[in-house]
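The values are calculated or read from the model by the stated rules, or taken from the named source; none is laboratory data. Quick caveat, the model's predicted, so the values are computed rather than measured. All Cβ positions, even for glycine, are placed from backbone atoms using ideal geometry, and neighbour counts span all protein chains on display.
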There are 2 protein chains.
Amino acid sequence: MHSPRTLVELLSAKRDGGTLDAADLRRLVASFMDGALADYQMAAFLMAVFFRGLDDAETVALTEAMLHSGRVLDLSRVPGFKVDKHSTGGVGDKISICLAPLVAACGVPVPMVSGRGLGHTGGTLDKLEAIPGFRTDLSAYDFARIVGDVGTCMIGQTQEIAPADKRIYALRDVTATVECIPLIVASILSKKLAEGIDGLVLDVKVGRGAFMKDTERATALATALVRVGTRAGKRVVAVLTDMDTPLGVEVGNASETREALEVLHGRGPADVVECTMVLGAEMLVMGGKAKDAADARALLERAIARGDAVRTMERMVEAQGGDPRVVADPSRLVVASVTVPVVAASGGTVTAVDALAVGLAAVAMGAGRARADAAVDPAVGISVDVKPGARVAAGDVLARVHVRDEAAGKAIAERIRGAYTIDAQAHVSAPATLVRGRIEA
Amino acid sequence: MHSPRTLVELLSAKRDGGTLDAADLRRLVASFMDGALADYQMAAFLMAVFFRGLDDAETVALTEAMLHSGRVLDLSRVPGFKVDKHSTGGVGDKISICLAPLVAACGVPVPMVSGRGLGHTGGTLDKLEAIPGFRTDLSAYDFARIVGDVGTCMIGQTQEIAPADKRIYALRDVTATVECIPLIVASILSKKLAEGIDGLVLDVKVGRGAFMKDTERATALATALVRVGTRAGKRVVAVLTDMDTPLGVEVGNASETREALEVLHGRGPADVVECTMVLGAEMLVMGGKAKDAADARALLERAIARGDAVRTMERMVEAQGGDPRVVADPSRLVVASVTVPVVAASGGTVTAVDALAVGLAAVAMGAGRARADAAVDPAVGISVDVKPGARVAAGDVLARVHVRDEAAGKAIAERIRGAYTIDAQAHVSAPATLVRGRIEA
């Protein structure tokens, strides 16, 4: 018999490249939550993990320890194979807002716990709250009830869901330990597994405006998410999608919700529609409602054509305290009164619209937040009207900035103009392919 | 013009293998001291340094930032080239106590700031405090005055000396970042450079009872200390000495002081005398009082033979409030009333006396401390009478345990017996060579 290792010995073991077992990782997380392991010790552990990594078994164990630091939502009374979608975050990514009601309308329950915007990427909760009255701070009880009644419900991460992830994420943010795949995997999966889901479709963004800038890193993250999620007993598929360019036209809160609602009416920009269809098809096949992607797409299109998707969204908005009339008439959503055009200085072919630059401009104008406790302005935003591949002449309007005052708008318009690359020589530039890869177990 | 990097960006830069400049490191340490850089951020930085290291310029900069977090003692009014000795710590290492007055008696001022015992190694302050009335908590003013008057003074690290080192060391101790050469170098040198010295002789211990268990690691540490200390503008020499076996016979507080005082009288165990002579010769040559080691040894021997060393020690003890009569008559020092012999179970040649095991037994009996805030008992200790190389018969007394009660003594004696390796076959076993190497700039 040997005495258990001290917490510092566990740190040393990981530092020296050793492997921790599930009991060790449970002890680390539990000790962190009860104060026996101090913040500075967890910070040192996270940095050791940054260098030494975690193998799949360790990542599963860390995920489960974080998951069980809080409450796991019980959706056992909701019949059906419950599937959620998670995006690693991008600029103009409003897909959750149209995807959840659309998939639910096709018979697959979608319990969705979303986040707020931080840094250059927006957050689904901020966008949804542009709907007057819409509440995202529901109890676990109401969440389960609405998923059961409507087929979908979209709330925020409560204090009860994976509190260890919340504390660890806050620590990573200030200790240079964010960019670490096993820690990212454990953070994403611990929250998602707490939702009581059976399957998860991941939208791993790749490009300038994404957390993962290149396909290699994005593939590594997607692969790790699929492997670890599968090992934790869930069906998991990951799709890699482009985030060099903002997704869709609108970047903002009310404006992105408006654009997502358009999709439910059979309208909306082609890339937003395509992204919704690709992810929705994965969810329907995973949920057992379609035998393949083609079959699933037909179901999704029918749910839009018949109005089922709109009706599901109306019921969800109503159940969550929002004004359901915005679903039928998205133009009811607020928009800032001043519009400043972004004008092309020269002619040519648009070869790039830098998603990161657009995202940072959105933060600067109040549509996003640089600090977690800041408020967002739902009315302001950017319409990225002209996308890569388009031919423009000098003086053409490339984009529009929606602001509350002209002076601020002009400064933002200048930044957005800088986000455009216009090549006078290039005559043809194919738009980026939306889907860059797909990974399954 | 570019804006300075944020503190988190500095952590990222080191994490990614970048080099920080002196201003960056000063900012990190200053921010840590004023609270802008939290404990958990420093912990993450230290772990990043564990993996990425610091180059010499960075180590010098970190050392100087830590040094200047507090007060640098001003000994400019003390004439002469001031030299101190620092040991990386071992079991039975009482050398400072005889070395400082001996070297001072030969005309080289020795300002010495020492530490307390922690873990299996003892501390000079604990040993000195076995002298009735002896005070180690003097003011910087009194310290400088006594060094000037007597030639040497031995105090503890005050709150004013390198407070950043104190806080960083406490953090390293609980975040598995102790075993990192550049951090060890910065910690040692920041404290020593705060003493106002011109030169430093390092005794880097190597072996079972040392922090560095093998010659390779000890050499790496010694080399880094010499390189960085030289770059910081000091004369620095390092000697590597054996710490597989306890140094001398006595392990304890009063008993080690007694043994060190014996050296000043021209007595004492051969290894203690030799270690004192080797280090003392380095200090005299460095201090310009001798042209080479042979010359220096002659001076040291003469200072002992003439009684100068004893007189210097008497003056120092008196100046620091202690009873100077213990210097002439070391048997005045306290000793525990109960002695339990450690008896050989079988005959043969002693091939090893495990210094680590002896050090841990000393902690267990109250001579050392497992926690920084524990008290030590000056009277208890172990006499390691029989050393490697000796032939013994079953029933011979190997060592003696000095305790306050018999039962505790028997348990300790059993541990000490376990520290001995007696080989029935071996007929000759050379005692370990004390000096294992020497490194200079």
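Can you spot a residue in region A:181-195 that is within 14 Å of chain B (Cβ to nearest Cβ) and either under 18 Å from A:Met66 (Cβ atoms) or in contact (Cβ under 8 Å) with a residue 40 or more places away in the chain (or both)? Within region A:181-195, one or more residues are within 14 Å of chain B (Cβ to nearest Cβ) and either under 18 Å from A:Met66 (Cβ atoms) or in contact (Cβ under 8 Å) with a residue 40 or more places away in the chain (or both). Selection of region B:11-32 for residues being surrounded by fewer than 17 Cβ atoms within 10 Å (Cβ to Cβ) and away from every other protein chain (no Cβ under 12 Å) yields B:Thr19, B:Asp21, B:Ala22, B:Ala23, B:Ala30, B:Ser31.
Only residues that are assigned to a loop (DSSP other than H, G, I, E, B) and in contact with a Gly (Cβ under 9 Å, 6 or more places away or on another chain) were counted in region B:359-380, giving 12. Checking each residue in region A:410-433 for being modelled with pLDDT under 95 and of a type outside the set (Val, Ile, Thr) picks out A:Asp423, A:Ala424, A:Gln425, A:Ala426, A:His427, A:Ser429, A:Ala430, A:Pro431, A:Ala432. Restricting attention to region B:258-291, the residues being outside any helix (DSSP H, G or I) and in contact with a Lys or Arg (Cβ under 9 Å, 6 or more places away or on another chain) number 3. How many residues does region A:298-333 contain that are in contact with a Gly (Cβ under 8 Å, 6 or more places away or on another chain) and farther than 23 Å from A:Ile146 by Cα? The total comes to 1. The set of residues in region A:52-88 that are under 20 Å from A:Val226 (Cα atoms), assigned to a loop (DSSP other than H, G, I, E, B) and touching a Pro at 6+ places or on another chain (Cβ under 9 Å) comprises A:Gly53, A:Leu54, A:Asp55, A:Phe81, A:Lys82. Take the conditions (1) under 18 Å from the mean Cα position of the chain (by Cα); (2) of a type in the set (Lys, Arg); (3) more than 30 Å from B:Asp173 (Cα to Cα); B:Arg369 misses just one of them, which is (3). In region A:34-51, the qualifying residues are those that are in a helix (DSSP H, G or I) and surrounded by fewer than 18 Cβ atoms within 10 Å (Cβ to Cβ), and the one that is nearest to the other protein chains (Cβ to nearest Cβ) is A:Phe51. Could you go through region A:343-354 and let me know if any residue there is within 25 Å of the chain's Cα centre (by Cα) and not in a strand (DSSP E or B). Yes, some residue in region A:343-354 is within 25 Å of the chain's Cα centre (by Cα) and not in a strand (DSSP E or B).
Checking region B:3-10 against the condition returns no match, with no residue being within 16 Å of B:Leu183 (Cα to Cα) and within 14 Å of chain A (Cβ to nearest Cβ). Selection over region B:219-236 of residues that are under 28 Å from B:Leu128 (Cα atoms), touching a Gly at 6+ places or on another chain (Cβ under 8 Å) and not in a loop (DSSP other than H, G, I, E, B) gives a count of 3.
Checked against the criteria, A:Thr175 counts as within 14 Å of chain B (Cβ to nearest Cβ), closer than 29 Å to A:Asp354 by Cβ and not aromatic (Phe, Trp, Tyr). Inspect region B:380-387 for any residue being among the basic types (Lys, Arg) and in contact (Cβ under 8 Å) with a residue 40 or more places away in the chain and give the result as yes or no. Checking region B:380-387: at least one residue is among the basic types (Lys, Arg) and in contact (Cβ under 8 Å) with a residue 40 or more places away in the chain. Hey, can you tell me all the residues within region B:132-190 that are touching a Leu at 6+ places or on another chain (Cβ under 9 Å), surrounded by fewer than 20 Cβ atoms within 10 Å (Cβ to Cβ) and of a type in the set (Gly, Ala, Ser)? Hits for region B:132-190 are B:Ala140, B:Gly148, B:Gly156.
If you go through region A:69-113 and keep only what is closer than 24 Å to A:Ile382 by Cα and among the hydrophobic types (A, V, I, L, M, F, W, C), you end up with A:Val91, A:Ile95, A:Ile97, A:Cys98, A:Leu99.
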